[in-house]
Structures are given as C-alpha cells and as structure tokens.
Amino acid sequence: MEPLIRVENLHKIYNPGENEVRALDGVSLTIEKGEFVAIVGHSGSGKSTLMNMLGCLDTPTSGHYYLNGRDVSGLTDNQLSEIRNQEIGFIFQGFNLIPNLDAIGNVELPLIYRGVSKQTRRRLATAALTKVGLGKRMKHRPGELSGGQQQRVAVARAIAAQPPVILADEPTGNLDSRSTVEIMNILKELHKSGRTVIVITHDDDIARQSRRVIRISDGRVEADYLNGES
Ligand SMILES: Nc1ncnc2c1ncn2[C@@H]1O[C@H](COP(=O)(O)OP(=O)(O)OP(=O)(O)O)[C@@H](O)[C@H]1O
Ligand SMILES: [Mg+2]
C-alpha cells in the first residue's frame, strides 16, 4: 500500500546562486499512516524547511513529495492550500491564535474555510476543546489564557476537522515543563486514536518519547530509527 507520506530526493535551495543555502539536500523518507515521528536536528539543520514541505506550505526546488499517493510537489498555491485544509492540522511554537477571537472562534476558523456548516462547526469545535481539557474556557480569548492553555486551543484547532496528519513545529518550545507534559500527552492520545503525528523538535526528551526519530543534519537525513517499545 502507498505510504501516507513519501518524499523522494527533496532539495530546497534558498537564494540560488552565490549565496545559496541548501536547506534540504536530498531528503528521502516515508511515513506510514498512524506513525508517531519526531524530526530532530540542530538549529539550522533544515527541520522547519522540511516541515514547510511536508505541510504543503512551500514547494521544493526539486524532488517529489507524494501525500496519500498524490504528487503535490508541483501544485499551485491554491491547490496546496486546498490540500492543507483537507489533510493537515498544524501546531506552531508561537500558537498562532487570532487574539480577538475566543477559543471556540479560533478552533472554528479552519472549519469555515472547509465549508463546514455553522452547526457542525460548533459541534466539532466544542468536542475538540473538550478533548484538550478546555471545555470551560471556550469563551476566553488567547490573552485570557495561559501559554499552555493557548497551545491546547491550537491543538484543538488542529484536530477539530480530524485531518489525517498532525504536524507540529516545536509545539512545546514556549511552554513550561508541566504544559509540555500536557501537550505531549494530548499528542500521544491522538496517536493512540490512529492519527499520524509528526513533531519537529530539538528537545531530546520529546524525541525519546516518540516511536520513531528522524535526525536531520545539514539538510540530510542523518539517522532514522525506532525507539524501544514502551
Ligand atoms: N527563507 C529563507 N531564505 C534563506 N535561507 C533560509 C530561509 N529559511 C531558512 N533558511 C536557511 O535554511 C537553513 C535551514 O533553516 P530551517 O529554518 O529549516 O532550520 P531549523 O532546523 O528549523 O532551525 P531551528 O531549530 O533554529 O528552527 C538555515 O541555514 C537557514 O538559515
Ligand atoms: Mg525551525
């Protein structure tokens, strides 16, 4: 069966020419449906660049990316945004919530883009916020929530539409240790319920909690291994 994600010889070159940066320098990998993967590496190794490719936020300079069997490497911006909407839930280090929308408004936003009816939006957003333990904070705006709670709103936003892939770039980078544990527990729960979770991090502790670790160095896959069964 076709893997969920198949990347072949991906290159991303910023500023081609004299000052070029080979942010991705021939990355090939596959990720199966239902995996929990940590992508790790030092600062500048190419993690976010790879996340941008996997998340259809940017296109590679060369190489191919098959998502669910479809080659998405050469699609237009509009086609990519359609795929992002349908296939991927994003979680970012900086939460990226809309400050003047309350929690439920933030979670509903991507559902609006998906054309989900108002009633269904409410239901899905309420379920997602309840799942992350924020059933009693739905009317709070981001400024009225702690960092950990804001990130939980962002997780609810990512999962509300039940996308097949959850992509998180340093999701705990701005959180204290307790909120980090909370967010990791939610991600593990999602994995247990069958979601594919990809976490980009330079936190070795998070890597140790992931079933599979892909280590990036200078834009290449340096190691790709499984942690022991727990
Ligand atoms: N838009 C851009 N234009 C030019 N160079 C870029 C751009 N984005 C990233 N780079 C360069 O590409 C390389 C990889 O950057 P990337 O952001 O993917 O690293 P990272 O592994 O996510 O690092 P960090 O852990 O600091 O977030 C770096 O050398 C960076 O300077
Ligand atoms: Mg980064």
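No lab work stands behind these numbers, since they all come straight from the coordinates. Keep in mind that this is a model prediction, so the values were computed, not measured. In this analysis, Cβ positions are derived from the backbone assuming ideal geometry, glycine residues included, and neighbour counts consider all displayed protein chains.
Computed values, structure above
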quantity: On Cα atoms only, tilt of 77-87 relative to the major axis of the chain in degrees; calculated: 60
quantity: Volume per residue that the Cα convex hull of the stretch 5-226 spans, once the total is divided by residue count, Å³; calculated: 124
quantity: Estimated dipole of the chain in Debye, rounded to 20 [Cβ of Lys and Arg +1, of Asp and Glu -1, Cα centre]; calculated: 1260
quantity: Between 0 and 90°, nearest 10: helix 177-192 axis offset from the chain longest Cα axis; calculated: 80
quantity: Contact order normalised by residue count of the stretch 1-67, Cα under 8 Å, 6+ apart, percent; calculated: 44
quantity: Charged-residue dipole, Cβ positions (Lys, Arg, Asp, Glu), the stretch 170-230 about Cα centre, Debye nearest 20; calculated: 280
quantity: In nm, spacing of pseudo-spin labels at A223 and S193 (7 Å Cα→C-beta vector); calculated: 3.3
quantity: Count, lysine Cα pairs under 24 Å in the chain, 8 or more residues apart or across chains; calculated: 13
quantity: Charge context of I31, other residues only, Cβ under 10 angstrom, K/R +1, D/E -1; calculated: +1
quantity: Nonlocal amide H pairs with T196, under 5 Å, H built at 1.01 Å; calculated: G34, I166
